[in-house]
Structure formats: structure tokens, C-alpha cells
Amino acid sequence: MVGRRSAKDTAKLIDEVARGDRLLEDIKDPQLRETVRLALRLHKDPYTAPDARTRSRIRARVLFGLHPHNATLVDRLAIAFELLGRPTPYAMRALAVGLVIVAVGASTAVVSSGTVADDALYSVKTTSEQMRLALATSPEDRAVVELSIAEHRLAEATALATLGDEDNAIVATSEYGEHMANAAAELAQVETLQPETATLVVQLQQRIDEHRATAAAVVARLADDPNRASAAAALSAVAARGAPAAGLSPAAAIAQDAADTADEAASLAERMAIPAPTTDAPPSSSGADRDVTPPTGKATPRGGEAASSDSARGQNERVSKKERAAESARKAADEAKASAKKAKEGSRRTPSPTPRHR
């Protein structure tokens, strides 16, 4: 063969020999003939992978040279960020974030359960209480939640009275009566329709008796302290037992008693909010006294006027706080009265079932 063949020509020649269109012996160039012969041989005997025994020997040698160690904190953090960074598990990441939020919220609610008015987490406590009421569906469930809230208010009133905070103690006492009336009103709606509700009413009355005993003990303990006697007077409304109302069902009677407790606390707050009368200094009877000036000719110092102004400002702030407390207590008392009225109407709308004659 004359001339120099290209790689394309060589590949074409190999294909012709492989198909049988040309014989290997017809290639005159010995170097080209040897190239085609090697190409055909490689085509008929391709490279084979190692057998199973060889692979096992290689794997054992590689694993023997490894030295594993425990995962470090950096390794765990890297794995956590890698998992969070993947785009696929959006639901899992949302679930994890939701669980963290729920855990934080639950811990905050637990911490806020012992707070009283004016504390930073008190709003969290009241919000969680409203959520519990919203989730309660049956009258019995709502009565249980209202009873729990009422007991929290009684605990707040006891703590505030011990601290000498009479205004907030009175408000907490009035709100105690409100929630107790709400609980009784819920039970009054189904009192005569469901026999098991009567057991709940009896248990509610027993808890009220325990509350009265607790309040009476606190009043007796704080009555001798002049700084906390007025605050302890707020709990006297809880400790005193009212006369049972005639013609009412047991639940309606409890609601009316609770409303009377709230009203008594509100009346006490309103009496305390009335400012005490101030007495002015009597004017001088002689004109000579009004014309007298200091012998030095200097102006009279105004320190007494500044002190009097600060005292008046502090008095106004105290009166304003007591007025706000009286408004809050009266609002709770009005809600308690509305619940007592609802309890009376509910007990009338639910007549006792008539027995069946066989």
C-alpha cells in the first residue's frame, strides 16, 4: 500500500477485515497488518474485571488499613447542618421548628402560671387561659377550666394580700367570683338533663368550701399586721358564706353566691377609691401677720411648696390606681352577675326528665 494512511483509513481497514470484506493477508504493509491484527485480537478478547476472590482480597486489604474513630461534636454539627440544608425534607424541618416553638411556649406557660398582676409574664398566663377556654367544647369541660382559672385568681389574691398590694388583691378576688360564677353557670345549663352533672356540682361546692377555709386562714394571719390588714380585707368576701338563695338549683345557687362575692369585692374597691377629704390651713385672722416679711429681705424658700406638690402628685397617682382597680373589680362583678342570671335561666330551661311508665 502506497502513501501514509490516516487514523480514519486505519479504522476503516479494521472494519473491513472484521466484516470479512478483506483478508488480513492482503495487507501488504507489515506494520499496518500487525496493527489490524492486534485490534482484532483486542476486540475478540476484551479486558475482564477481577474475579470474586481477587475482589475479596483487595477489599480486606483496604479495610485493614482503615482506622475509624468516634464522631466529634464538629462532625455532628456538620451532619445536622447538612440535613437541614437539604431541599427535600421541608415538612420535617417545619415539624422540628414547630416542636421547638411549642416547647418554648409550653415552658413559658408553665413559668407564667405562678405570676400575679403587674408581672412581666402575666399576660402570657391570661392568654393561655383564654386558649384553654376556646378549646373546651362541652359545658362540663368549660366548667372545669373556669374552676381552674378561679383557683389561680384566689392564689393570686392570697399572694398579693401577703405582699400588701390591696388594689390588685381586690381585683383578683372579684375575678375569682367571676370565674366561679361562670363555672356554675356552665353546669346549670345541663344540670337536670344529665345526671352525672349533679356529681360535678357537688364537687364544685366542696372546692368552694375549701377556698373559704383557705381565705379565712389568710385573713386571720394578716389581720394583726397593720400594713396588710386592708389587703387581707379583700379576702373576707371569699371567707364569708352567704345565705343560700331560695328557689334556685344547686348550680344556680353557687353562681349567685359567687356573684355576691365579686360584688362585695368591687364595692370594697369603690369605697377605697374615694379620695380622703383634705383640710386646708385656716387663714390668718390679723392683717399684720399677712404683711410680715423676713427681716433679711430675701424671698421665702419654696421647698415646702415643692414637697407639697410632690405629695399631691403621689396622692393623685394612688387615687388613679385605686380607681382603675375599682373599675376592673366592678367589671368582673358585672360579668359574675350576668353569669348568675344565665345560671338561673338555664336551670329553668332544663326541666327534670319525666319518668317513663311501663
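Out of the range 16-30, which residues are β-branched (Val, Ile, Thr) and closer than 11 Å to Leu40 by Cβ?
Within the range 16-30, Val17 is the sole residue that qualifies.
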Could you list, in sequence order, all residues of the range 133-164 that are over 17 Å from the mean Cα position of the chain (by Cα) and of a type in the set (A, V, I, L, M, F, W, C)?
Ala143, Val144, Leu147, Ala150, Leu154, Ala155, Ala157, Ala159, Leu160, Ala161, Leu163
Helices (runs of 4 or more DSSP H) contained entirely in the range 151-251, each with at least 1 residues that are touching a Pro at 6+ places or on another chain (Cβ under 9 Å):
166-189, 195-222
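We did not get these values from a lab; they are worked out from the coordinates using the rules stated. The shown structure was predicted, so the numbers you read here are calculated from the model rather than taken from an experiment. For neighbour counting, all protein chains shown are included, and Cβ atoms are generated from backbone atoms with ideal geometry for every residue, glycine included.
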